[in-house]
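Worksheet for the structure shown next.
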């Protein structure tokens with residue numbers, strides 16, 4: 001058996017490994033944040049525009065034209 005297999009894993013080892021993984025993920029997350037903000041703004045704007053256009057169309061279909069005639 002090798003020496004590394006005989007050593008016991010301590011809570012410190014686990015904590016150190018989790019901190020290392022967390023540090024790596026933090027770096028990637030900060031790199032992607034600006035792109036996510038831009039994408040989110042575009043999606044929300046597109047949703048608002050589509051909702052406005054669909055509502056406007058539906059309003060035109062439901063509206064009645066009233067003619068007033070003088071006798």
Helical contribution to [θ] at 222 nm, DSSP H n ≥ 4, -39,500 (n - 2.57), averaged over the chain, rounded to 500: -28500 deg cm²/dmol
Using Cα atoms only, what is the angle between the long axis of helix 11-62 and the major principal axis of the chain, expressed in degrees (0 to 90) to the nearest 10? 10 degrees
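Bear in mind these aren't lab numbers, they're just calculated from the coordinates by the rules spelled out. Not measured: the values here are computed from a predicted model.
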